[in-house]
Amino acid sequence: MGTARTSLLFGAFADLTRVRILNLLRAGELSLAGLAECLGASTQILSQQLRYLEKAGLVVLHKEGRKFCYSLAPAEGRLHKNLLKCLAYCFHDVEELEADSERRTQAGAAGGCCQDAPRKQGRRRNGSIAPRPTEDKGTKEGPPA
C-alpha cells in the first residue's frame, strides 16, 4: 500500500463526521438522505465527506434511480481491515457514535429513511465495480492485537 493511500485511510479517521459515517455504514447500506437524517447534517456536507471516503477506498456508491446509496467497501489490505476492526471495537466511548446508532435503530424500527437498503454491488466513481462485501456469519473477531 502506498503512502498516499495510507494517508487517506488515516485522514478518514481524523475527522469525526467521517468516523460517524463509517460507524453507521457498519450496520449496512444507507442512502445519502438516510445518513443525513441519522447524523442531523446536510446532504451537501455529507457528500463532501463521502467523496473523501470513496477516494480513500472505504465506501462504495451505487445509484438506485435518483437515490445515492453508500456501503462500506470490502477491506483491501491489512491496514484497511484493522482500521475497520478499530471502528468496531475502539470507539465505544464516543457519545456521538452511540447516539447515531440509536437514531438509526429508532428510524429503522419506525420505517424511517434510515432503513437498510438492499445490498447491491457498488460502482466506484471511476467506473470500476467494487466487490460485494461478504457477510461473515462465523465467529466475531476481537479487536486488533
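The values are calculated or read from the model by the stated rules, or taken from the named source; none is laboratory data. Quick caveat: nothing in here was measured; it's all calculated off a predicted structure. Note that each Cβ is placed from the backbone with ideal geometry, even for glycine, and that neighbours are counted across all protein chains shown.
Residue by residue, here is whether (1) small (G, A, S); (2) at pLDDT below 70; (3) over 15 Å from the mean Cα position of the chain (by Cα) holds:
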{"site": "G40", "(1), (2), (3)": "yes, no, yes"}
{"site": "Y52", "(1), (2), (3)": "no, no, no"}
{"site": "G65", "(1), (2), (3)": "yes, no, yes"}
{"site": "L72", "(1), (2), (3)": "no, no, no"}
{"site": "Q115", "(1), (2), (3)": "no, yes, no"}
{"site": "P143", "(1), (2), (3)": "no, yes, yes"}
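In the set (1) farther than 21 Å from K85 by Cβ; (2) surrounded by fewer than 22 Cβ atoms within 10 Å (Cβ to Cβ), C69 fails one condition alone, (2).
Total residues in segment 20-61 satisfying the condition of being small (G, A, S), out of contact with any Asp or Glu (no Cβ under 9 Å at 6 or more places or on another chain) and part of a helix (DSSP H, G or I): the figure is 3. In segment 62-81, the condition of being in a helix (DSSP H, G or I) and touching a residue at least 60 places away in the same chain (Cβ under 8 Å) is met by at least one residue.
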